[in-house]
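This report concerns only the one structure given below.
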Amino acid sequence: MVLTQEENAILTRVGPGTPGGELLRRYWLPIAAAQELTDESPTKFVRVLGEDLVLFRDRSGNLGLIQDHCAHRGASLVYGRVEERGIACAYHGWLYDTHGNCLETPAEPADSKFYLTVKVTAYPVQKFLGLCWAYMGPAPAPVIAPYDVWVRRDGIHRVHFQPQLDCNWIQAMENSVDPAHNQILHQRITLPGIYPDGSLGPVDDEPLIPTNTTRGFVDWIEHYDWYELPYGGIMKKRLFKNGMVDEHPVLFPNILQHLTGTQIRVPIDDTHTKIVFISFVPTRDGSVVEDEPEPTVGYIASYKEPAEAIHPYTRFDMSQGQMQDHMAWETQGPIADRTVERLATTDRGVIMYREMLVREIMRVQEGMDPIGVVRDPDHPMIETSLQSRVRVIRAGIESADPARRARARL
């Protein structure tokens, strides 16, 4: 499925009114850590899907997400004063609530009703797993999908923000349905991580070294397979010659589940992406964590030097797997030129994903919900491939063999 420039633009452009952007606006997206909003600093500028927005928490404790520029004369609301009822522009005091309604225009005559004619763009926002999530699509908003990795209680959750990815979000997603790169790109990796044979790697041991760096560990593979999931997404599968099977899903449209965590790829705009890791750390014995504390959010330093530059004016650290992935994604260019690529047999998952994007964009254009949108607030937990990986980890932790415990350590 080699794309024309027009087809590529349909998939990759994320701004308001674009086909790809309207698809993504049907899902809840994590946009910031809740801990970033404090009494001393209750506002935060965020750019999501090509829109400049201000996240804030008013003095009543309500979260809001509205356009950055005041409707009056365009001053930034990042500098607004949060009050009980909302946020007031620092320039002339126009006050907005979390729904974007203007409540006051202080300099107008006392009997003026002008404020009733003023409204700014505003989006629903909610707190979940220590993150602020936004919904930027049409009402009514769905619920956040109850994936097992997010809602299971027999463990705790950890959250990390990856360094900004300076390219289009789909480059990361296509990597997620490309199992062939694992045995080549990640052939020599500083662990903990996952071995090229799909098993959990040791923490303290030296990494495996292939005898042929061109082929890496690709000769371990018998074949690859992909199939669509009923809850929305693609399962990628590797069958190894030793009989072992490794598979984990891509959750449509922008989530990779890997090991016991998810990577959520949130487009900042067409050429920049925010990546949020939500990891699930199972308890040793399967016991339920009754009162899990809110996850502390961590921030990972840049994988390249200088951090603000793009290829070829920067250099990536290639010592770990995520760094290697970022190199491969970014060096394709800010938006990959898919008109000149040469797809091969192992790119079948990439083709499936592109076809799924086209299909779901068309569903949105026809007024329907795309796959993976959940509207029932009582929807049961969605089982992915997490359970089998939790069993492997717990088996390793309980093993008396120190080497096996090391292979299962998070």
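Nothing in this text is a laboratory measurement; each read-out follows from the coordinates by a stated rule. Note that the structure is a prediction, hence the values are computed from the model and not measured. With ideal geometry, Cβ positions are generated from the backbone for all residues, glycine too; neighbour counts draw on all protein chains shown.
A Förster radius of 35 Å, combined with the Cβ-Cβ distance separating residue 317 from residue 81, puts the computed FRET efficiency at roughly 0.25.
Helical content of the chain, expressed as a calculated mean residue ellipticity at 222 nm, amounts to -5500 deg cm²/dmol (DSSP H runs of 4 or more residues, -39,500 (n - 2.57) each, divided by residue number, nearest 500).
Taking 219, 246, 97 as the candidate residues, the one with maximal mean-square fluctuation in a Gaussian network model of the chain, Cα springs under 10 Å, is 219.
Residue separation of residue 45 and residue 73 scaled by 0.36 nm, minus their Cα-Cα distance, works out to 8.3 nm of gained length. Dipole size of the chain about its Cα centre, with +1 on Lys/Arg Cβ and -1 on Asp/Glu Cβ: approximately 380 debye, rounded to the nearest 20.
Separation of segment 338-363 from segment 225-304 is 21 Å, based on Cα centroids. Taking amide H atoms as placed 1.01 Å from N in the peptide plane, the amide H of residue 83 lies under 5 Å from those of 59, 88, each 5 or more residues away in sequence or on another chain. Put +1 on the Cβ of every Lys and Arg and -1 on every Asp and Glu Cβ in segment 35-135; which of 88, 125, 63 then has its Cα farthest towards the positive end of the dipole? Going by the charge dipole, the pick is 125.
If you place +1 on the Cβ of every Lys and Arg and -1 on the Cβ of every Asp and Glu, how big does the dipole about the Cα centre of segment 18-137 come out, in debye to the nearest 20?
280 debye
The peptide list 373-381, 68-76, put in order of mean Cβ contacts within 10 Å with the highest first, becomes 68-76, 373-381.
What residue among 115, 123, 27 has the largest mean-square fluctuation in a Gaussian network model of the chain, using Cα springs under 10 Å? Among 115, 123, 27, the largest mean-square fluctuation in the Gaussian network model of the chain belongs to 115.
For segment 361-367, 3J(HN,Hα) computed residue by residue from phi via the Karplus equation (6.51, -1.76, 1.60; θ = phi - 60°) reads 4, 5, 4, 4, 5, 8, x Hz, glycine and proline entered as x.
What residue among 339, 302, 255 has its Cα farthest toward the positive end of the dipole of segment 148-408, where the charges are +1 on Lys, Arg and -1 on Asp, Glu, each on the Cβ? The listed residue farthest towards the positive side: 339. Using the Cβ-Cβ distance between residue 112 and residue 6 with R0 = 51 Å, the FRET efficiency computed as 1/(1 + (r/R0)^6) comes to roughly 0.55. A full extension of the chain between residue 213 and residue 103 corresponds to an added length of 33.1 nm, given 0.36 nm per residue minus the alpha carbon distance.
Charge dipole (Cα centre; +1 on Lys/Arg Cβ, -1 on Asp/Glu Cβ; no other charges) of segment 210-329 amounts to roughly 500 debye.
Where does each of 360-370, 286-296 land if you order them by average Cβ count within 10 Å, highest first?
With the highest mean Cβ count within 10 Å placed first, the list reads 360-370, 286-296.
List the relative contact order of the chain as a percent without decimals, with contacts defined as Cα pairs under 8 Å and 6+ residues apart.
20 percent
Across segment 277-289, computed HN-Hα scalar couplings (Karplus, 6.51 cos²θ - 1.76 cosθ + 1.60, θ = phi - 60°) run 9, 10, 10, 10, 10, x, 5, 4, 10, x, 6, 7, 8 Hz from first to last residue, x flagging Gly and Pro. In this simple spin-label model, placing a label point 7 Å from the Cα along the Cα-to-Cβ direction at both residue 151 and residue 239 gives a separation of 3.4 nm. Applying a 4.7 Å Cβ-Cβ cutoff to the chain, the cysteines left without a disulfide-compatible partner are 102, 132, 167.
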